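Colleague: Let me begin by handing over the structure; questions about it come next.
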Amino acid sequence: MSDQQDNIYATAHQQVARFSFDETVVQVFPDMIRRSVPGYPSIIDMIGVLAARYAQPDTCLYDLGCSLGAATTAMAALTEEQGNSVIAVDNSPAMIEQARVLLDHAGLSNRVSLVEGDVAEMVFEPCSMAVLNFTLQFIAPERRDDFIERLAEATVPGGILVLSEKIRFEDEAEDALQTELHHAFKRNNGYSDLEISQKRTALENVLIPETLAAHEARLRKAGYRHIHVWFRCFNFMSLLAVR
């Protein structure tokens, strides 16, 4: 995996382009995600633990918005004895290409099906686990309800959805505080104020966060019976929803 440092926004851009998961981002993605998302390595590790707990025989596991396949690798590694197939999907050709290389190196190609496509348009096979690891926030809000409902319908009883998201808070003061704490986290990881500002501009109207209440309401409406917050740091959260 590339160890190239993320310096995409280190110099002033005359015009900050809309953020996309292109080849430039793929090259620095491991560094970018580690320095930008609090607790990301722990979330990946625990996705593997959850797979070992909830994967059921004769079902597949989904990593939807798989990027370079970190969650895919964690799920496949800890369900080796059961042999569940893992279907990893991303709409970025550059991400899929690099994920294929990394999965080959990890010896997991025979367990994983890599699919380039729009996760919100998929027809799902019966699954016992689906992971949306910071993916839903990049899907247009008006498409989210139908997507989650169709995913829930494909999830077998007792199966789970792991939904990790950047969230916003209804209380403006709380939202401002959690945003500033997240920026402090990024500064502590070596990002400058210029980088933070330009990245935020690039993500405007691309990454659209929702409140925890909105996520919970959508999941309940889709038919998930139990919803647990299992991780939270600042304005980042991961939910475990049980069908």
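Colleague: Take Ala10 and decide whether it is in a helix (DSSP H, G or I) and open to solvent by less than 60 Å² (accessible area, probe 1.4 Å).
Modeller: So Ala10 does not fit the description; no.
Colleague: Scanning for something among the hydroxyl-bearing types (Ser, Thr, Tyr), farther than 21 Å from His226 by Cα and at pLDDT below 95, does segment 111-123 turn up at least one residue?
Modeller: No; the residues of segment 111-123 include none that is among the hydroxyl-bearing types (Ser, Thr, Tyr), farther than 21 Å from His226 by Cα and at pLDDT below 95.
Colleague: Could you check segment 187-197 and list, in sequence order, the residues that are open to solvent by less than 50 Å² (accessible area, probe 1.4 Å) and in a helix (DSSP H, G or I)?
Modeller: Glu195, Ile196 - these are the residues of segment 187-197 that are open to solvent by less than 50 Å² (accessible area, probe 1.4 Å) and in a helix (DSSP H, G or I).
Colleague: Then there is this: Output the number of residues of segment 114-137 satisfying the condition of being surrounded by 17 or more Cβ atoms within 10 Å (Cβ to Cβ) and either small (Gly, Ala, Ser) or under 11 Å from the mean Cα position of the chain (by Cα) (or both).
Modeller: 10
Colleague: Follow-up. Kindly indicate which of Arg200, Arg218 is touching a Lys or Arg at 6+ places or on another chain (Cβ under 7 Å) and in a helix (DSSP H, G or I).
Modeller: None of the others qualify; the one that does is Arg218.
Colleague: When you go through Ile160, Ile167, Ile227, Ile196 one by one, which is the residue that is among the β-branched types (Val, Ile, Thr), within 18 Å of the chain's Cα centre (by Cα) and within 20 Å of Met32 (Cα to Cα)? Can you show your working first?
Modeller: Numbers: Ile160 fails: within 20 Å of Met32 (Cα to Cα); Ile227 fails: within 20 Å of Met32 (Cα to Cα); Ile196 fails: within 18 Å of the chain's Cα centre (by Cα).
Criteria check complete, one pass: Ile167.
Colleague: Continuing with the same structure: What residue, of Ala88, Ala99, Ala76, Ala106, is touching a Gly at 6+ places or on another chain (Cβ under 9 Å), at negative phi, among the small types (Gly, Ala, Ser) and open to solvent by 20 Å² or more (accessible area, probe 1.4 Å)?
Modeller: Ala106
Colleague: Pairs needed: first member in segment 38-49, on the phi > 0 side of the Ramachandran plot; second member anywhere, at pLDDT 95 or above and assigned to a helix (DSSP H, G or I); C-beta distance under 6 Å; at least 6 residues apart or different chains.
Modeller: none
Colleague: Answer yes if at least one residue in segment 98-114 is closer than 25 Å to Lys199 by Cα and in contact (Cβ under 8 Å) with a residue 40 or more places away in the chain, and no otherwise.
Modeller: Checked against the condition, which is being closer than 25 Å to Lys199 by Cα and in contact (Cβ under 8 Å) with a residue 40 or more places away in the chain, segment 98-114 yields at least one hit.
Colleague: Being among the β-branched types (Val, Ile, Thr) and open to solvent by 40 Å² or more (accessible area, probe 1.4 Å) is the filter; apply it to segment 198-234 and report the residue that is nearest to Tyr9 (Cα to Cα).
Modeller: Among those residues, the one meeting the criterion is Thr201.
Colleague: Which residue, of Glu216, Glu174, is acidic (Asp, Glu), over 24 Å from Ser67 (Cβ atoms) and in contact with a strand residue (DSSP E or B) (Cβ under 7 Å, 6 or more places away or on another chain)?
Modeller: Sole residue among the options that is acidic (Asp, Glu), over 24 Å from Ser67 (Cβ atoms) and in contact with a strand residue (DSSP E or B) (Cβ under 7 Å, 6 or more places away or on another chain): Glu216.
Colleague: Moving on to the next point. Specify the residue that is nearest to Leu181 (Cα to Cα); the eligible residues are those in segment 21-32 that are open to solvent by 30 Å² or more (accessible area, probe 1.4 Å) and in contact (Cβ under 8 Å) with a residue 40 or more places away in the chain.
Modeller: Phe21
Colleague: Does Ile160 fit the bill of being in contact (Cβ under 8 Å) with a residue 24 or more places away in the chain, open to solvent by less than 50 Å² (accessible area, probe 1.4 Å) and assigned to a helix (DSSP H, G or I)?
Modeller: Answer is no for this residue.
Colleague: Restricting attention to segment 16-37, report how many residues are out of contact with any helix residue (DSSP H, G or I) (no Cβ under 7 Å at 6 or more places or on another chain) and either modelled with pLDDT under 95 or of a type in the set (Ser, Thr, Tyr) (or both).
Modeller: Qualifying residue count for the region: 2.
Colleague: For Met46, are the conditions met, namely being assigned to a helix (DSSP H, G or I), open to solvent by 60 Å² or more (accessible area, probe 1.4 Å) and under 13 Å from Asn133 (Cβ atoms)?
Modeller: Taking the combined requirement at face value, the residue satisfies it.
Colleague: If a residue has to be of a type in the set (A, V, I, L, M, F, W, C) and either open to solvent by 50 Å² or more (accessible area, probe 1.4 Å) or under 15 Å from Arg220 (Cβ atoms) (or both) to count, how many in segment 138-155 make the cut?
Modeller: Restricting attention to segment 138-155, the residues satisfying the condition of being of a type in the set (A, V, I, L, M, F, W, C) are 138-140, 147-148, 151-152, 154.
Still in the list and also either open to solvent by 50 Å² or more (accessible area, probe 1.4 Å) or under 15 Å from Arg220 (Cβ atoms) (or both): 138, 148, 151-152.
The total comes to 4.
The values are calculated or read from the model by the stated rules, or taken from the named source; none is laboratory data. This is a predicted model, so every value here is computed, not measured. Positions of Cβ are backbone-derived with ideal geometry, glycine not excepted, and every protein chain shown enters the neighbour counts. Ligands, DNA and RNA are excluded from the accessible area calculation, which covers all protein heavy atoms including side chains. Shrake-Rupley method; radii C 1.70, N 1.55, O 1.52, S 1.80 Å.
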